Each structure stands twice: as structure tokens, then as C-alpha cells.
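Reviewing the structure listed below.
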Amino acid sequence: MSPALAHAAAAPAHSTQVFILPPGTAALPEAATGDLSAEAQQYVTAALADDQKLVHLNHFSHHHYFVVLADKPAPAQVAEALRRSGHTLHGLLKTEKTTEIFLHNLSATPDAALRLAEGLVLSAYQFEGYKTDEKSRKAAALTKISVVGDAATGDALAELDGLLQGVRLARDLVNAPLNKLNAAQLAERMAAAGDEAGYTTDILDLAKIEALRMGGLLAVNLGSPEPPTFSILEWKPAGAQNARPYVLVGKGVVFDTGGLSLKPTPGAMDLMKCDMAGGAAVAGTLFALAKNHVPLHVIGLVPATDNRPGGLAYAPGDVLTLHSGLTVEVKNTDAEGRLLLADALSFARKYDPELVIDLATLTGAAVRALGTEASAVLGTAETATMQRLTEAGHAVHERLVEFPLWDEYADHIKSDIADLSNLGKGEAGHISAAKFLERFAEGYPWIHLDIAGPAYLTAAESYRGKGGTGTGVRLLYEFLTSRLPG
């Protein structure tokens with residue numbers, strides 16, 4: 001479990017306290033002196049004068065920490081520095097086996113305590129896993145983060161807690177292996193999360209998917225011994241402020257062998273439990289919106305299956321008819337995610353959406369272009385909408401880089417025998433994949449996020465950790481809530 005967030009009127013004596021100080025602080029503010037001895041105050045003042053950014057006082061029974069706010073030119077950079085300070089602080093708290101801390105914000109940055117707490121909670125995440133050794137399963141020591149006084153309101157803390165629960169849900173789903181999370185189990189987990197948070201879930205089974213003629217999802221599923229699912233998650237509160245829904249579409253390939261176009265391993269196939277990170281992000285976002293009672297009508301669509309080479313597996317050269325009626329020549333069965341998404345994007349048209357955003361760990365090309373530091377964004381939405389999404393990415397440090405969808409890229413996905421090919425040229429693979437999806441996203445504004453780089457990390461990186469990062473949840477929550485009036 002992650003640490004609980006709470007509001008406190010004051011910090012009790014002999015408690016572990018964290019003080020956020022203004023940038024450039026060279027002397028200890030009076031509000032932070034409390035019951036500190038003259039010697040302790042002198043020690044902290046000397047450390048601040050030495051330009052130390054995190055000062056630790058060990059009182060044996062309790063501790064005091066002083067975090068100096070970074071001097072950055074933009075608020076988003078200050079916020080990210082605080083999250084990273086939260087990660088560094090968490091390492092110290094973990095060493096001391098601290099169970100509860102009290103946060104004070106003595107800076108002029110209103111949300112400083114929230115951002116530090118965010119970094120702490122994200123850093124404290126650990127996947128419960130399946131270890132049977134009790135020592136290995138030991139829970140993290142930090143259980144409660146109390147924010148003191150007017151450093152943050154109770155409502156703001158509750159909202160942050162709801163959001164971070166959504167991130168945790170997404171991380172848990174991504175970190176689960178195939179034998180613990182097949183397509184049906186993914187659908188059930190998302191439905192159970194909906195029961196907890198308040199959104200509804202409709203799970204379409206194989207018969208309903210066949211009736212809808214979702215030829216992409218059905219084809220990818222042919223090699224699997226287990227049926228596909230198509231989950232419809234909906235949060236529609238009374239008083240929703242959008243007349244037409246926002247629709248989020250997430251790729252739900254619970255494991256991708258590449259099919260008959262088999263992936264190499266290690267380094268490729270062995271990481272493919274993460275190929276449903278887009279679907280996990282959709283579930284996490286719906287969870288956060290519902291948990292926090294955000295007055296927006298939002299629908300999530302998650303087509304799910306694994307991609308295997310067994311049985312009647314679809315083959316290179318096959319021609320598929322997708323939900324939209326368009327035909328697709330299969331050039332490579334490892335370009336399967338776009339086939340599922342194509343069906344879902346076509347299905348999304350029935351909702352007359354205000355905007356559709358899809359998320360997918362779609363291409364290695366996006367990783368080669370951007371590494372794990374950013375996601376690729378492409379789409380047909382208005383420039384102002386794309387800009388607001390990019391700004392949301394900077395605000396939560398889930399950064400986006402926009403790529404073009406020029407008409408010339410349509411040549412990359414031409415087929416001699418079908419409307420489209422599912423594979424483009426060797427270059428600009430993330431663009432040709434988006435150009436393919438564009439054909440199925442007609443009739444509404446649409447944005448595609450290729451999150452293949454940041455969705456899953458093979459080595460720990462600050463508060464993002466190792467494994468599933470929950471990429472997309474904080475981004476979409478920030479973007480959608482920013483569209484509320486006022």
C-alpha cells in the first residue's frame with residue numbers, strides 16, 4: 001500500500017518533520033526552528049550557507065529534514081524538482097524506517113507540499129508480486145504523510161490521493177505477467193476497479209466482438225487459446241460539464257510474442273507483459289476521475305488479447321476486414337496493436353465524441369526517436385488542443401513531442417491488394433503507424449500517444465521506479481481537468 005495523505009493542524013512534538021524552504025535560503029527561518037537547540041540551528045544554517053539542498057537532522061527519536069526549493073525559471077520545472085526531491089527524501093526515510101512525516105511549506109510556491117508528497121508516494125510504490133518469503137514481501141515503512149496547516153487543503157490532498165491511486169492501478173496492471181493477467185482477467189480487474197471508484201464497465205465477449213465484426217482484434221486473437229475482450233469503461237456523473245464525451249482508447253495486448261513474425265528474446269519478447277500499458281493508463285485515468293468525482297463524461301475503450309503464433313494464427317499476407325469495413329493486408333503480425341486500436345477507434349464514432357485520445361506502446365521507432373524521456377504525439381485535433389495536451393505533459397513531466405501526419409506518409413502504408421498495409425517503411429515507423437490509425441479515426445478530433453518509451457523501465461529512474469510507470473494517467477487527468485470551466 002502507498003502512504004496515506006492527510007491534513008494536520010499542527011505537528012506533534014518529537015515527530016519527524018519536513019520543511020520546504022524558499023530557494024536561496026541561507027539561514028533557517030524562525031518557523032522552522034521549533035524546539036531545535038542552538039547547536040542544531042547552527043548546523044542547519046551552516047549547511048544551507050554551504051548550498052546544500054537537503055539537510056537532515058537526526059534526533060534519534062525523530063528526525064527533521066529541510067528541503068530547499070529549486071531555483072528554476074518555470075513552475076513546471078520547480079514542480080518536477082520537488083517530485084525528485086521527494087524521491088531522494090524517500091530514500092532517507094526508508095533507511096530510517098520512518099512511518100509518518102509532517103510536511104510544512106515555508107516557501108512562496110503554493111503547491112510545493114503537494115508536489116513533494118507526490119514524489120514521495122510515487123517513490124514508495126512497490127509491486128506486491130508473488131514472492132512467498134515474508135522478508136521479501138515486507139511492506140514499506142512509510143504509511144502516512146500529513147501536510148500541516150495551510151500548506152495544502154484537505155480537498156487538494158484527497159484529489160492527489162485519488163489520482164495517485166489511479167497511477168498505482170495502472171502500474172499494478174502493467175507489472176502483472178500474462179499467466180496472472182490474460183485478456184479476461186484484465187477486463188475483470190478493470191471492472192473491479194470501477195466498482196471501487198464509481199465508473200461502470202461493460203465487457204464484450206467473443207460472441208459480441210464477432211457480431212461487431214472487429215476483424216483486427218479477432219485476427220490478433222486467432223493464435224491464442226484464450227478469448228479476447230473489449231471493455232467499455234464509462235464515467236458519467238450527474239452534472240457532467242461536457243455535452244459530448246471524451247473517449248480514451250488503450251491498447252490492451254496483454255502479451256506480445258510478435259505472432260508468426262516472432263520477436264527475438266531476450267531484450268524484446270521478455271518485456272512484453274507491458275504491451276497493455278495503454279489500456280492500463282485508460283483504466284487508471286477513469287479510476288482517478290471517478291474517485292475524485294470530476295464532472296466530465298469520459299468513456300474508455302480497451303480491446304484486449306495476447307498475440308501468439310499458435311493454432312490458426314493470422315499470417316503475413318492475410319487480408320483482414322476491420323470494424324470500419326476497410327481492408328488491411330498483413331505484412332507483419334508484430335504490427336498487431338494498430339489492428340486492435342483501429343477497431344476501437346472506428347467503434348468510438350458511435351459516441352459522437354468531443355475528442356478521442358488513444359494510448360499505446362505501439363512502436364520501437366518512438367523509443368529510438370525519444371528514448372524513455374518522452375512520448376510521441378500525433379493527431380488531427382486542433383492546434384490549441386494539441387498545445388493544451390503538451391502543456392499538461394510539461395506540468396506533470398510526462399512530456400510529449402509532436403510529429404507530423406503529412407499526406408506523403410500515406411504512401412508508407414499502401415497495399416497492392418487491400419485498402420491499407422499494416423506495416424510502413426523502415427523509416428518513421430511511429431508516423432506510419434499513426435497514419436494507419438488516422439484512417440479509422442475519421443469524423444472526430446483525434447490524438448494518438450505512442451508511449452512505448454516511458455511506459456515501462458528496465459532500470460529504476462527516480463520516482464518513476466522500475467517496471468510499469470503508469471505513464472498517461474497523470475497526463476490525461478491534468479489535461480481533462482484543465483478543460484473544466486474556471
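The values are calculated or read from the model by the stated rules, or taken from the named source; none is laboratory data. Predicted model, so just to flag it, every value in this text is computed and none were measured. Every residue, glycine among them, receives a Cβ derived from its backbone with ideal geometry; neighbour counts consider all protein chains shown.
Name, by its number, the condition in (1) of a type outside the set (A, V, I, L, M, F, W, C); (2) part of a loop (DSSP other than H, G, I, E, B); (3) buried (at least 18 other Cβ atoms within 10 Å of the Cβ) that does not hold for K425.
(3)
Might you let me know whether region 299-308 holds any residue that is farther than 18 Å from A183 by Cβ and over 18 Å from the mean Cα position of the chain (by Cα)?
The answer is no; no qualifying residue exists.
The conditions are (1) surrounded by fewer than 19 Cβ atoms within 10 Å (Cβ to Cβ); (2) part of a helix (DSSP H, G or I), and A418 fails exactly one of them. Which is it?
Every condition holds for A418 apart from (2).
Does region 5-23 hold any residues that are among the polar types (S, T, N, Q) and buried (at least 19 other Cβ atoms within 10 Å of the Cβ), and which are they? It would help to see each step written out before you state the result.
Our first condition is that a residue be among the polar types (S, T, N, Q); within region 5-23, this holds for 15-17.
Across region 5-23, the qualifying residues are T16, Q17.
Keeping to region 413-435, report how many residues are hydrophobic (A, V, I, L, M, F, W, C), in contact with a strand residue (DSSP E or B) (Cβ under 6 Å, 6 or more places away or on another chain) and under 28 Å from L355 (Cβ atoms).
Final tally of qualifying residues: 3.
Results for (1) assigned to a loop (DSSP other than H, G, I, E, B); (2) of a type in the set (S, T, N, Q), shown as yes or no for each residue.
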site	(1), (2)
L28	yes, no
G34	yes, no
A40	no, no
Q52	yes, yes
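Report, ordered by the first and then the second residue, all pairs with beta carbons closer than 9 Å, sequence separation of six or more or different chains, a first member in region 16-43 that is within 21 Å of P75 (Cα to Cα) and in the same structural domain as V78 (by TED's automatic domain parsing), and a second member that is exposed (fewer than 15 other Cβ atoms within 10 Å of the Cβ) and among the hydrophobic types (A, V, I, L, M, F, W, C).
Partner pairs satisfying both residue conditions: F19/A31; P22/A108.
Out of H430, H448, H397, H412, report the one residue that is buried (at least 18 other Cβ atoms within 10 Å of the Cβ), of a type outside the set (D, E) and without any contact (Cβ under 8 Å) to a residue 40 or more places away in the chain.
H412
Among A140, A192, A158, which is the only one that is touching a helix residue (DSSP H, G or I) at 6+ places or on another chain (Cβ under 8 Å) and surrounded by fewer than 21 Cβ atoms within 10 Å (Cβ to Cβ)?
Only one candidate qualifies: A140.
Can you tell me how many residues in region 451-465 are in contact (Cβ under 8 Å) with a residue 24 or more places away in the chain and either assigned to a strand (DSSP E or B) or of a type in the set (S, T, N, Q) (or both)?
Count: 6.
Among the residues of region 123-137 satisfying the criterion of being surrounded by 15 or more Cβ atoms within 10 Å (Cβ to Cβ) and part of a loop (DSSP other than H, G, I, E, B), which is modelled with the highest pLDDT?
This residue is Y125.
Output the number of the condition that E80 fails; it satisfies all remaining conditions of (1) modelled with pLDDT under 95; (2) part of a helix (DSSP H, G or I); (3) charged (D, E, K, R).
Only one criterion in (1) modelled with pLDDT under 95; (2) part of a helix (DSSP H, G or I); (3) charged (D, E, K, R) is unmet by E80, namely (1).
Can you list the strands (runs of 3 or more DSSP E) found entirely within region 279-380 that contain at least 1 residues being touching a strand residue (DSSP E or B) at 6+ places or on another chain (Cβ under 8 Å) and among the acidic types (D, E)?
Fully inside region 279-380 and qualifying: 298-307, 327-329, 355-360.
Of the conditions (1) closer than 18 Å to G250 by Cα; (2) surrounded by fewer than 17 Cβ atoms within 10 Å (Cβ to Cβ), S375 satisfies every one except a single condition; which number is it?
Failed condition: (2).
Starting from residues that are surrounded by 15 or more Cβ atoms within 10 Å (Cβ to Cβ) and closer than 15 Å to L69 by Cα, keep the ones in region 30-55 and report whichever is modelled with the lowest pLDDT.
That would be A32.
Condition first: farther than 15 Å from A219 by Cβ and either outside any loop (DSSP other than H, G, I, E, B) or among the basic types (K, R) (or both). Now tell me which residues in region 253-268 satisfy that.
If the condition is that a residue be farther than 15 Å from A219 by Cβ and either outside any loop (DSSP other than H, G, I, E, B) or among the basic types (K, R) (or both), then V254, F255, K263 are the ones that fit.
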